[in-house]
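The values are calculated or read from the model by the stated rules, or taken from the named source; none is laboratory data. On a predicted model such as this, the values are computed, not experimentally measured, just so you know. Please note: Cβ atoms are built from the backbone with ideal geometry, for glycine as well, and neighbour counts cover all protein chains shown.
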Amino acid sequence: MRNNIREFYFPAAVKEAVGLMTKLKSKAMIVAGGTRPPGDVPSSVETVIDITDLPLRHLQADKGWLRIGALCTLEELEKSALLKSWARGVIAQTAGFGTTALARSMGTVGGNVVRPHPYNNLPPLFLALDALAVCAHDGGEETVPFGDILKPDIMRRFGHSWLLTELRVPAHTKGWAAVSTRLGATKSDWKGYANCVVAADVHGGVCRKAAVAVSAMLPRATRMAKAETLLAGAAADEAAAREAEAAVLVELEALTGKSPAKAHAVRTAGVLARRALLQAFSSGR
Amino acid sequence: MAKKTRRGHLKAMDGQFEIELTINGREAKWRVGASESLMNALRRQGFKSVKNGCDNGDCGSCTVLLDGKPAASCMLFAAQAHGRALTTVEGLGTPNDPHTIQRAYAESGGVQCGFCTPGMVLVTKALLDENPRPDEAQVRRALDGNLCRCTGYVKQVQAVLDAAERLRREKK
């Protein structure tokens, strides 16, 4: 067993945690939910910072935003009455996807978002819901569009100099018809082949605006701009969903370089997008 | 001991931390390896109901209750238990006086080789503490992190539903 760890900190304030991270850099490792085995610790790590005592477990609607603390567990999201009433319950639904009751009981929102596994289920969700990410660092606090934190230059700061503290979902998404879909080898398989989240503002049979976010076969969750352009102002019907599916395929083929290894996942994502759109259109009526 | 509001800082001495925790209602001070998993520390301290199945958070055999919530102890550093309350099956009942949930598992035939049983019993405890009247789907969902290679889960599900009914009767 590697045994280079010499100190364990339990900061009670975000500022304290960020100060430790900034000072110790790669010699420190953040732990929270406990979904990474202790045996995986790099030998460079000398200090573990357990952030579970930070006051980041809030789930509330406040001043035009749905605010989700980064330390909320997937189980808390899944069971939240507030989230079940938001965007057709898509956040609660997605948090309950895949993996197991134990991982949902331990795993946190922050861990799901900032550990850059392309198959994690929450990034496409928050991307589709136009969320903002609140991040603390040595210079204070920064609120950035969720898509920005998925970019490698920002993503690599987490755990070293940045700490995700909160996700903010805009209030206008509360009435959206949103659906989250995924396909994996098994229902509980964390590593899905394809994840797709659709969020649509549907009124009077018209899709006023739609967001389509796909992940798993791409390095990070990505919005499907071509499909979204087609859907904006279109009739919320099967024809629009089929056109969007075709647009998703074109966009994903370009993004994956038509890789034969990813062809199945790309086709799957197109089908998931169409099905999710049809479901969203029908629930939005 | 309730979870400490301020747990502070641990410094290793000879590669070990001294942690304070509550284990099955009793306060304790343990010396644990600086990168030792909670599962290994518990087994070393004699809590052999905590099983080493996969060492990767996949099987649920090492489940404990951490401040009342199910947790895979193989995925936690032992030091993460500092200032917190742990429950293992040893804290629920004894062979002579088993807990109602343990009795239900035994009498429903929910135990075969028994390796997964402690984890399942603890998950059941957490479920029934939160929801005394679960339906079958809720029971199956609560148990979905605990693998059993002997059975088809039918008897365990039956045991949980049976335990729920017994506990409700006991409360009346």
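One residue alone among A:Ala244, A:Ala235 is touching a residue at least 24 places away in the same chain (Cβ under 8 Å), out of contact with any Phe, Trp or Tyr (no Cβ under 8 Å at 6 or more places or on another chain) and surrounded by 22 or more Cβ atoms within 10 Å (Cβ to Cβ), and that residue is A:Ala244. Residue pairs whose Cβ atoms lie under 6 Å apart, sitting 6 or more positions apart in sequence or on different chains, and linking a residue in the stretch B:144-160 that is more than 14 Å from chain A (Cβ to nearest Cβ) to a partner that is crowded, with 19+ Cβ neighbours inside 10 Å, are B:Lys155/B:Gly110; B:Ala159/B:Ala104; B:Ala159/B:Tyr105; B:Ala159/B:Gly110. Of the helices (runs of 4 or more DSSP H) that lie entirely inside the stretch A:52-153, those containing 3 or more residues that are buried (at least 23 other Cβ atoms within 10 Å of the Cβ) and in contact with a helix residue (DSSP H, G or I) (Cβ under 7 Å, 6 or more places away or on another chain) span A:90-95, A:101-106, A:109-114, A:122-128. When A:Pro219 is tested against (1) closer than 25 Å to A:Val113 by Cβ; (2) at pLDDT 95 or above; (3) surrounded by fewer than 24 Cβ atoms within 10 Å (Cβ to Cβ), exactly one condition is not met: (2). When the stretch A:210-233 is examined, which residues are found to be under 11 Å from the mean Cα position of the chain (by Cα) and part of a loop (DSSP other than H, G, I, E, B)? Answer for the stretch A:210-233, where residues must be under 11 Å from the mean Cα position of the chain (by Cα) and part of a loop (DSSP other than H, G, I, E, B): A:Arg220, A:Ala221.
So how many residues does the stretch A:2-30 have that are on the phi > 0 side of the Ramachandran plot and within 12 Å of another protein chain (Cβ to nearest Cβ)? Number of matching residues: 0.
The one condition from (1) farther than 30 Å from A:Ser282 by Cβ; (2) modelled with pLDDT of 95 or more; (3) away from chain B (no Cβ under 14 Å) that A:Trp86 does not meet is (1). Taking the stretch A:222-266 as the range and being at pLDDT 95 or above and of a type in the set (Lys, Arg) as the test, the residues that pass are A:Arg223, A:Lys226, A:Arg242. Would you confirm whether any residue within the stretch A:91-105 is in contact with a Phe, Trp or Tyr (Cβ under 6 Å, 6 or more places away or on another chain), at the interface with chain B (Cβ under 10 Å from one of its Cβ atoms) and closer than 23 Å to B:Ser35 by Cα? No, the conditions are met nowhere in the stretch A:91-105. Scanning the stretch A:154-191 for residues that are in a helix (DSSP H, G or I), surrounded by fewer than 20 Cβ atoms within 10 Å (Cβ to Cβ) and hydroxyl-bearing (Ser, Thr, Tyr) yields a total of 0.
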